[in-house]
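Q: Starting off with a structure, shown below.
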Amino acid sequence: MSSPKDLFNNFIQNALAEDIGSGDYTTLSTIPHNQMSEAICWVKEDCIIAGVEMAKKIGEIVDPSLKIEFLFEDGAHILAPKNIGSIKGSVQSILKLERLLLNCMQRMSAIATKTNHLVQLLAPFQTQILDTRKTTPNFRIAEKWAVKIGGGMNHRFGLYDQILIKDNHIKAAGGIQEAIDACASYLIKHQMQIPVIVEVKNTEEFLIANNANIVDRILVDNFTPTAIKSLIDQHICSKPIEASGGITEQNILEYAQSGVNYVSLGDLTHHVQSVDISLKIV
């Protein structure tokens, strides 16, 4: 299994290969290889900036001689229009990294901004905001990083760092008890210690999951806030509870008020509009 650092470096290398291919022929044909200049990074919308450290890493990989300086750190609240930093060095190198750097910063800033807005809404409560695996293929590492920059928490990164028994697992295993028992046997057989989360659809499944020793968290899926509050009020909950499914900015406060420990939203990463950020040579 690749380390986070390896995944990060591989993402940048693959993204550059996708964009540059055999060469940036527009730049190579119009700009002398020894031409030097400076490019200013402008933010044109109010946002929580994210992708600053990503941009620096992209610069290191494209051309270590580039001098990249940002005036703000990841997580800063930017009031547009704002010059947030500059890149000095080879014009060819600046143009080579421009699109990848902007793609990352624009999308990461959008995710961080949306996450932070929801985090602020829930500030009076103990409820934590989680992301999901509903991410852009091969861009998950950046999108989940942006959620953390915005003040949210990361759910599992992939299929390997948590067990999440969902409806299809339960159906295929023959029932929730059968799925939990099979999971417990697997963990014992392979001497594994890994968090186990179980998704439940009704009160009966909730009680089974609540009584299972191997279960670390219960995910109540597509429950209304009223149904969740009733569940919590009527039963002694021995596990943290996560609400998921149909949660939006309009109803997230109701879910927090129901008493859940976590809310998870796919919207954080799959339904955002990129922040307008540009890189202009001066």
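Coordinate-derived values only; no laboratory data. It should be emphasised that the depicted structure is a prediction, and the values quoted were computed from it without experimental measurement. Because the Cβ atoms are built from the backbone with ideal geometry, glycine has one as well, and the counts that use them run over all protein chains shown.
Q: Only Cα pairs under 8 Å and at least 6 apart count here; give the relative contact order of segment 120-270 as a rounded whole percent.
A: 29
Q: Report the gain in length on full extension from residue 190 to residue 67: 0.36 nm times residue separation, minus Cα-Cα distance, nm rounded to one decimal.
A: 39.4 nm
Q: How much of the DSSP bridge set in the chain is antiparallel, in percent, rounded to the nearest 5?
A: Close to 50 percent.
Q: So which chymotrypsin sites (Phe, Trp or Tyr not before Pro) in segment 149-196 end up in coil per DSSP with only 11 or fewer other C-beta atoms within 10 Å?
A: When the chymotrypsin sites (Phe, Trp or Tyr not before Pro) of segment 149-196 are filtered for loop state and at most 11 Cβ neighbours within 10 Å, 160 remain.
Q: Further, regarding this structure: Which one, 258, 244, 22, has the greatest fluctuation when you compute a Gaussian network model over the chain with C-alpha springs under 10 angstrom?
A: Highest fluctuation of the listed residues: 22.
Q: Need one word for segment 1-160: rounded, prolate or oblate. Basis is the Cα gyration tensor (sqrt eigenvalues a ≥ b ≥ c); a/c below 1.5 gives rounded, then a/b vs b/c decides.
A: oblate
Q: Let me ask another. List the trypsin sites (Lys or Arg not before Pro) within segment 110-140 that fall in a DSSP loop (any state other than H, G, I, E or B) and whose Cβ has at most 16 other Cβ atoms within 10 Å.
A: Within segment 110-140, the qualifying trypsin sites (Lys or Arg not before Pro) (loop, at most 16 other Cβ atoms within 10 Å) are 133, 134.
Q: Angle between the Cα long axis of helix 176-189 and the longest principal axis of the chain, 0 to 90 degrees, nearest 10?
A: Tilt of helix 176-189: around 70 degrees.
Q: Grab the Cα-Cα distance for residue 121 and residue 202, subtract it from 0.36 nm times how many residues apart they are, and report the gain in nm with one decimal.
A: 26.4 nm
Q: Once label points are set 7 Å from the Cα along Cα→Cβ at both residue 280 and residue 28, what is their separation, rounded to one decimal in nm?
A: My value for the distance between the label points is 3.0 nm.
Q: Oh, and also: Pairs of alpha-carbon atoms within less than 8 angstrom and 6+ residues apart define the contacts here; what relative contact order does the chain have, in percent?
A: 22
Q: Turning to a different aspect of this structure: Whole-Hz ³J(HN,Hα) for each residue in segment 65-71, computed from phi via Karplus 6.51 cos²θ - 1.76 cosθ + 1.60 with θ = phi - 60°, x for glycine and proline: what do you get?
A: So the J values, rounded to whole Hz, are 7, 5, 9, 10, 10, 10, 8.
Q: Along the Cα→Cβ direction, 7 angstrom out, place labels at residue 77 and residue 254. What is the inter-label distance in nm?
A: Modelled inter-label distance: 2.8 nm.
Q: Cα axis of helix 52-62 to longest principal axis of the chain: angle in degrees, 0 to 90, nearest 10?
A: 50
Q: In addition: Which pairs break 25 Å Cα to Cα here: 5/82; 5/189; 166/229; 144/280; 56/82; 144/201?
A: Going by Cα-Cα distance, 5/82; 5/189; 144/280; 144/201 fall outside the 25 Å limit.
Q: Could you state the angle between the C-alpha long axis of helix 91-121 and the longest principal axis of the C-alpha atoms of the chain, as a value from 0 to 90 degrees rounded to the nearest 10?
A: 30
Q: Starting from the Cα gyration tensor of segment 120-270, take the square roots of the eigenvalues, sort them a ≥ b ≥ c, and report rounded, prolate or oblate (rounded when a/c is under 1.5, otherwise prolate if a/b is larger than b/c, else oblate).
A: Since a/c reaches 1.5 but b/c is at least a/b, the shape of segment 120-270 is classed as oblate.
Q: Rule-of-thumb check for the chain: C-alpha Rg over 2.2 N^0.38 Å?
A: The value comes to 1.21.
Q: With each label point set 7 Å from Cα along the Cα-Cβ vector, what nm distance links residue 36 and residue 13?
A: 3.0
Q: As a check on your grasp of the helix formula, calculate [θ] at 222 nm for the chain: sum -39500 (n - 2.57) over DSSP H runs of n ≥ 4, divide by the residue count, round to the nearest 500.
A: Only helices count here, giving -13500 deg cm²/dmol.
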